[in-house]
Amino acid sequence: MRLLLIEDDDRIAGPLTEGLGRYGFTVDHARTGAAGLAGTEGAPDLVLLDLGLPDMDGLDVCRSLRARSAVPIIMITARREEADRIVGLELGADDYLAKPFGVRELVARIRAVTRRTSGELTYPAPARPAAAGVPGPQVLGALEINRRTRQVHLRGEEVALTPREFDLLVFLAGDPGTVYSRQQIMDTVWDPHFFGPTKTLDAHVAALRRKLGDPAWITTARGVGFRLTVPGADGEPGAAG
């Protein structure tokens, strides 16, 4: 597995590259955001992204990467502000790890992210299965979800979702109206051994609501979790709560 490490501090990059090498990873190292973006042309399997880069903010690098690639991204950062981490996750990062950290923990997270992004997730059957066993889109009001092509359309217009946002939407759409607990969602869409904060889920729900243009698509069951609803259908409430 080949990793791209975007990190300007050689005191961190050197030992990290050596340590990951002992676990069988090949690590390409870029010291700037621009070099890192250029390095993704080589199609790495995963990107380790520092947020404090000398030429551009790591969040901007994350945004640029996600706009053109679904490569898994783990942010590695010394920033302790929750807002920075949530923004990074909303921009499409798959996980984050605060410095200092151990190589073994990073390896565990790399493996967890790889499992989550390699198509090993399972979901309930679509509410409207296609005839004759041919995969087809699930239609929920103005929303159309195509699991085969991993595309989502709303009123005929494609909605650009990150891989994790798509997985979250598909999971909730497996049984519209059903309330899924926060733990159920985290265990399935993320991983039973996910290391990140529970705010990760809230950030992705907020991003989905924003992209779907109406918070009523995902309603909150206070103290329990979330459910997918079709705004205005069958008397469903029009507020997310």
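The values are calculated or read from the model by the stated rules, or taken from the named source; none is laboratory data. It should be emphasised that the depicted structure is a prediction, and the values quoted were computed from it without experimental measurement. Virtual Cβ from ideal backbone geometry, glycine too; neighbours counted across all protein chains shown. The accessibility values were calculated without ligands, DNA or RNA, using every heavy atom of the protein model including side chains. Shrake-Rupley method; radii C 1.70, N 1.55, O 1.52, S 1.80 Å.
Could you look through the range 210-233, keep only residues that are modelled with pLDDT under 90, of a type outside the set (D, E, K, R) and assigned to a loop (DSSP other than H, G, I, E, B), and pick out the one that is farthest from the chain's Cα centre (by Cα)?
Only one residue tops the list, namely 232.
I'm told residue 39 meets every condition in (1) over 24 Å from residue 14 (Cβ atoms); (2) in contact with a His (Cβ under 9 Å, 6 or more places away or on another chain) except one. Can you identify the failing condition by its number?
(1)
Quick check, is residue 30 hydrophobic (A, V, I, L, M, F, W, C), closer than 15 Å to residue 2 by Cα and either without any contact (Cβ under 8 Å) to a residue 40 or more places away in the chain or out of contact with any strand residue (DSSP E or B) (no Cβ under 8 Å at 6 or more places or on another chain) (or both)?
Yes, satisfied.
Give the residues of the range 9-27 that are open to solvent by 60 Å² or more (accessible area, probe 1.4 Å) and in contact with a Leu (Cβ under 8 Å, 6 or more places away or on another chain), sorted by residue number.
26
For the range 1-73, list the helices (runs of 4 or more DSSP H) that sit wholly inside it and hold at least 3 residues that are under 17 Å from the mean Cα position of the chain (by Cα); which are they?
58-68
Restricting the search to the range 85-137, which residues are buried (at least 20 other Cβ atoms within 10 Å of the Cβ), modelled with pLDDT of 85 or more and farther than 14 Å from residue 47 by Cβ?
112
So, in the range 138-183, how many residues would count as being in a strand (DSSP E or B) and open to solvent by 60 Å² or more (accessible area, probe 1.4 Å)?
Final tally of qualifying residues: 4.
Among residues belonging to the range 43-56 that are surrounded by fewer than 20 Cβ atoms within 10 Å (Cβ to Cβ) and free of Cβ contacts under 8 Å to residues at least 40 places away in the same chain, point out the one that is farthest from residue 78 (Cα to Cα).
Here the answer is 43.
Go through the range 166-209 residue by residue and tally those that are touching a Lys or Arg at 6+ places or on another chain (Cβ under 7 Å), at pLDDT below 80 and closer than 19 Å to residue 222 by Cα.
Count: 1.
May I ask you to list the residues in the range 74-84 that are part of a helix (DSSP H, G or I) and of a type in the set (D, E, K, R)?
Hits for the range 74-84 are 82, 84.
Restricting attention to the range 33-57, report how many residues are touching a strand residue (DSSP E or B) at 6+ places or on another chain (Cβ under 9 Å) and modelled with pLDDT under 90.
Total meeting the criteria: 6.
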